[in-house]
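Participant: Pasting in a structure now, in structure tokens, and then I'll have a few things to ask.
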Amino acid sequence: CLETCANGVPGRTMRGSLRVSRFSFVSNSSGQRLFLEDCEYRFTSNTPTASYSNGKLNISGATHGETLFNYVGSIAYSEGACTSGMRTYIGSQYLANPVLSVTGSKPCRAENGFYVNATGSTATRLTFDIANATGDAEADFTTASVTAADADLVSFVKKGDGTLLLSEVNIPGTNPFEIAAGTVELGCSGCLGETAALALTGGSLAVAAGTENTLQSLAISADTTLTLGDGATLTVTDPTAEWATDMMVNIVGDPEKCTLKFGDESGSLSPRQVRRIRWNGEKCHVEEDGTVVPGALGMVLLLR
């Protein structure tokens, strides 16, 4: 972005909204809605001084870390837009349903990450509405750590057909992270901590290669897919979460190179749950330590 966006700092303010193309360094007004297109937008705790030297952009005076300085209502990314700098707050008692959206034909990213805030007793729900900008299974939006600043009041939902890649350790709070559409990919080890609950209500889950992740529980209310990269391990500590009747769980990945585990014993999943699991299309069984393995166990009776 620095090479392609450092041609100016245009911006247009429209009733609490800021529409940005190209490059901008901004200390936001509280609750502002951002529309970012093909640009880099850097959150700072004070407006830095920008100068040009030898064709490069030099920045001074950009400091970070002030509490609740940047506080936005919603952010719309498109056409490769990226944000960086200080982690910003999104949502509040006045904006209980903030939306972070991605559209266009190029993937976007947030290098800064987000705090999701709920003040007082007002619940806040952040929606990731991510379109399939890449046209394939690659990440359409990549974000650094997302933290529920109020663990019991903040919740998250993923919508849209695209893929949300969580690249750093997140703190989602105590409420289930709902995946209603598209895919959420865990891109690092311990990506959601070890006490997170996931609810797959129409979307799917992917686990990046070479990572180890643990979920407290996994609720399934629609047919879904779990994609495991080579060397990935996914453990669900409590497998007793509700699985809707007749919903299929399709595992995709090399069973010789990745691991899916429910609880710590073979009886952790009910027989009904086991019957609804397929690994690359094959029926499965559960070993003594809770590991799911392709290949059904049982007896075949032949009558002649």
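The values are calculated or read from the model by the stated rules, or taken from the named source; none is laboratory data. What you see is a predicted model; the values in this text were computed from it and never measured. A quick note on method: Cβ atoms are made from the backbone with ideal geometry, for glycine too, and the neighbour counts reach across all protein chains shown. Side chains are part of the model used for accessible areas, which takes the heavy atoms of the whole protein and leaves out ligands, DNA and RNA. Shrake-Rupley method; radii C 1.70, N 1.55, O 1.52, S 1.80 Å.
Participant: Residue by residue, what Karplus-based ³J(HN,Hα) values in Hz, rounded to whole numbers, does segment 255-262 have, using 6.51, -1.76 and 1.60 with θ = phi - 60° and x for Gly and Pro?
Facilitator: Once θ is set to phi - 60°, the couplings for segment 255-262 become x, 7, 10, 9, 9, 10, 9, 10 Hz.
Participant: Got a sec to turn the phi values of segment 137-142 into Karplus ³J(HN,Hα) couplings, 6.51 cos²θ - 1.76 cosθ + 1.60 with θ = phi - 60°, whole Hz, x for Gly and Pro?
Facilitator: Result, ordered by residue: 7, 5, 4, 9, 8, 10 Hz.
Participant: For segment 167-304, which whole percent of the accessible surface, found with a 1.4 angstrom probe, sits on carbon and sulfur atoms? Walk me through the numbers on the way to the answer.
Facilitator: On the way: 3350 of 6670 Å².
Carbon and sulfur atoms account for 50 percent of the accessible area of segment 167-304.
Participant: Enter the accessible area per residue of segment 208-270 (Å², integer; probe 1.4 Å; all protein chains in place). It would help to have the intermediate numbers written out before the result.
Facilitator: On the way: 2710 Å² over 63 residues.
Counting only protein heavy atoms, the per-residue value for segment 208-270 is 43 Å².
Participant: Give me, ordered by chain and number, the residues 5 or more places off T225 or on other chains with an amide H under 5 Å from its own placed amide H.
Facilitator: Here L205, N250 satisfy the definition.
Participant: Express the relative contact order of segment 132-275 as a whole percentage, based on alpha carbon pairs under 8 Å and six or more residues apart in sequence.
Facilitator: Working: 395 pairs, mean separation 22.1, N = 144.
Reported as a whole number, the value is 15 percent.
Participant: Search the structure for amide H atoms under 5 Å from the amide H of S189, placed 1.01 Å from N in the peptide plane, and list their residues when 5 or more places away or on another chain.
Facilitator: Excluding prolines and chain starts, which carry no amide H, the hits are E212.
Participant: Scattering from the C-alpha atoms of segment 231-300 alone, worked out with Debye: what is log10 I(q)/I(0) at q = 0.22, 0.23, 0.26, 0.28 1/Å?
Facilitator: -0.98, -1.08, -1.36, -1.52
Participant: Among 34-42, 275-283, how do they line up by average Cβ neighbours within 10 Å per residue, starting with the highest? Let's see the in-between values first.
Facilitator: Working: 34-42: 21.6, 275-283: 16.0.
In descending order of packing, they fall as 34-42, 275-283.
Participant: For E168 and A209, calculate 0.36 nm times their separation in residues minus their Cα-Cα distance, and state this gained length in nm to one decimal. The partial results should precede the final answer.
Facilitator: Working: separation 41, 0.36 × 41 = 14.76 nm, distance 1.44 nm.
Gain in length upon complete extension: 13.3 nm.
Participant: Using only the Cα atoms of segment 168-304, what do you get for the radius of gyration and for Dmax, in Å?
Facilitator: 14.8, 60
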